[in-house]
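Undergrad: Got a structure for you, questions after.
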Amino acid sequence: MTTRYNNGDLKRGLEQALCVLGMQGREGTAASIRPIIFENLNRGGAKNRVCTYLETNPGKTAVDYVYHVADYYEELGSYLCQLQQEKGVHVWEPLFVQMQWWAYNYLCRKHFPAGQETFQLAQDYAANAGAILVHAYFPYDTGFDAWAFTIVLNHCKKGIDRLLRAGHIPDHKLVFLDDLPPHLARTADLGGDQLTQWRLTLAHLIDQLPTEEQETVLLYHFEGMTFLEIGQHLGISTTTAHRRYFSAIDFLRKNLVQNRI
């Protein structure tokens, strides 16, 4: 992306626009957004936020950018103050609910099964995003929802990447203990000796799992706990409970298939 203005011309244009804004009765706004405007100008080098705005909006000028930021500041300044400085509960609660649904819908689009476990994972990601958002710099040249959504999305992507690197695989490839290949899962079709052998092999494989993965599998399948409850029981996050479970299931699946009982 190339800029249409050199840095000196752009700074002068922004200063002039701020002066005009002040003379039009918006002195307070002009004073408040001045540091924001020049911070935006310094972010990203040649591809800073001001130049990006001008390049993606042909015909717009530095004056248009200043008024763009001023309008967002007057609309959102009080809200951001309550959110980031006062940390008002009445502001945070509805936003956090929205962030959870953004995360949940994104995970569902990425083939996570719809349901309570995925929503609990979404809550984790939304909470992580919220911790960042409360300290994040808002440039006032974009809509707040779009900005907050991007932060949530980035945390979802990072979370999914961690799960993948830890052994998690997409939903359409997941194989649970109660959803194994037909020749392994249909225990009702097995003869007595075969069923006994299948159970012994499964128990033997579970014994081979690391202790923390054994606990997760047993709590999920034999105690009926959700991943949130497992996390609370073991003192770990819901994300960690998911990771341990999926890692264990991947090991069991591969070894049961290999044994072909």
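The values are calculated or read from the model by the stated rules, or taken from the named source; none is laboratory data. Quantities reported herein were computed from a predicted structural model and do not represent experimental measurements. Cβ sites come from the backbone with ideal geometry, for glycine too, and all protein chains shown count toward neighbours.
Undergrad: Being of a type in the set (S, T, N, Q), modelled with pLDDT of 90 or more and under 22 Å from V134 (Cα atoms) is the requirement here; does Q82 meet it?
TA: Values: of a type in the set (S, T, N, Q): yes; modelled with pLDDT of 90 or more: yes; under 22 Å from V134 (Cα atoms): yes.
Yes.
Undergrad: Could you check region 108-126 and list, in sequence order, the residues that are over 20 Å from G224 (Cβ atoms) and among the small types (G, A, S)?
TA: A122, A126, listed by residue number.
Undergrad: Sticking with this structure for a sec: Among (1) more than 19 Å from T142 (Cβ to Cβ); (2) modelled with pLDDT under 90; (3) assigned to a helix (DSSP H, G or I), where does F112 come up short?
TA: The failed condition is (3).
Undergrad: Is it fair to say L83 is within 19 Å of N40 (Cβ to Cβ), in contact (Cβ under 8 Å) with a residue 24 or more places away in the chain and not polar (S, T, N, Q)? Break it down stepwise before answering.
TA: Working: within 19 Å of N40 (Cβ to Cβ): no; in contact (Cβ under 8 Å) with a residue 24 or more places away in the chain: yes; not polar (S, T, N, Q): yes.
When the stated conditions are applied, L83 does not pass them.
Undergrad: Which condition number does W102 fail, the rest of (1) surrounded by fewer than 13 Cβ atoms within 10 Å (Cβ to Cβ); (2) touching a residue at least 12 places away in the same chain (Cβ under 8 Å); (3) of a type outside the set (S, T, N, Q) being met?
TA: Among (1) surrounded by fewer than 13 Cβ atoms within 10 Å (Cβ to Cβ); (2) touching a residue at least 12 places away in the same chain (Cβ under 8 Å); (3) of a type outside the set (S, T, N, Q), W102 violates only (1).
Undergrad: Just wondering, is there one or more residues in region 140-148 that are surrounded by 16 or more Cβ atoms within 10 Å (Cβ to Cβ), within 25 Å of N48 (Cα to Cα), in contact with a Lys or Arg (Cβ under 9 Å, 6 or more places away or on another chain) and at pLDDT 85 or above? Steps first, answer last, please.
TA: In the first step, residues of region 140-148 are kept if they are surrounded by 16 or more Cβ atoms within 10 Å (Cβ to Cβ); the result is 140-141, 144, 147-148.
Of the ones still in play, those that are also within 25 Å of N48 (Cα to Cα) are 140-141, 144, 147-148.
After this cut, where a residue has to be in contact with a Lys or Arg (Cβ under 9 Å, 6 or more places away or on another chain) as well, the list is 141.
Filter once more, keeping what is at pLDDT 85 or above: 141.
Among the residues of region 140-148, at least one is surrounded by 16 or more Cβ atoms within 10 Å (Cβ to Cβ), within 25 Å of N48 (Cα to Cα), in contact with a Lys or Arg (Cβ under 9 Å, 6 or more places away or on another chain) and at pLDDT 85 or above, which makes the answer yes.
Undergrad: Of (1) surrounded by 12 or more Cβ atoms within 10 Å (Cβ to Cβ); (2) at pLDDT 85 or above, P35 satisfies all except one. Which?
TA: Of (1) surrounded by 12 or more Cβ atoms within 10 Å (Cβ to Cβ); (2) at pLDDT 85 or above, only one is false for P35: (1).
Listed here are the residues, each with its yes/no results for (1) exposed (fewer than 14 other Cβ atoms within 10 Å of the Cβ); (2) assigned by TED's automatic domain parsing to the domain that holds G143; (3) free of Cβ contacts under 8 Å to residues at least 24 places away in the same chain.
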| position | (1), (2), (3) |
| --- | --- |
| Q24 | yes, no, yes |
| N42 | yes, no, yes |
| N48 | no, no, yes |
| T52 | no, no, no |
| P58 | yes, no, yes |
| L95 | no, yes, no |
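Undergrad: Quick one: which residue in N128, N154 is farther than 30 Å from P210 by Cα, assigned to a helix (DSSP H, G or I) and polar (S, T, N, Q)?
TA: Details: N128 fails: farther than 30 Å from P210 by Cα.
That would be N154, the only listed residue that is farther than 30 Å from P210 by Cα, assigned to a helix (DSSP H, G or I) and polar (S, T, N, Q).
Undergrad: Moving on. If you scan region 125-139, which residues turn out to be surrounded by 18 or more Cβ atoms within 10 Å (Cβ to Cβ) and either touching a Leu at 6+ places or on another chain (Cβ under 9 Å) or among the hydroxyl-bearing types (S, T, Y) (or both)?
TA: Listed by number, the residues that qualify are Y125, A129, G130, L133, F138.
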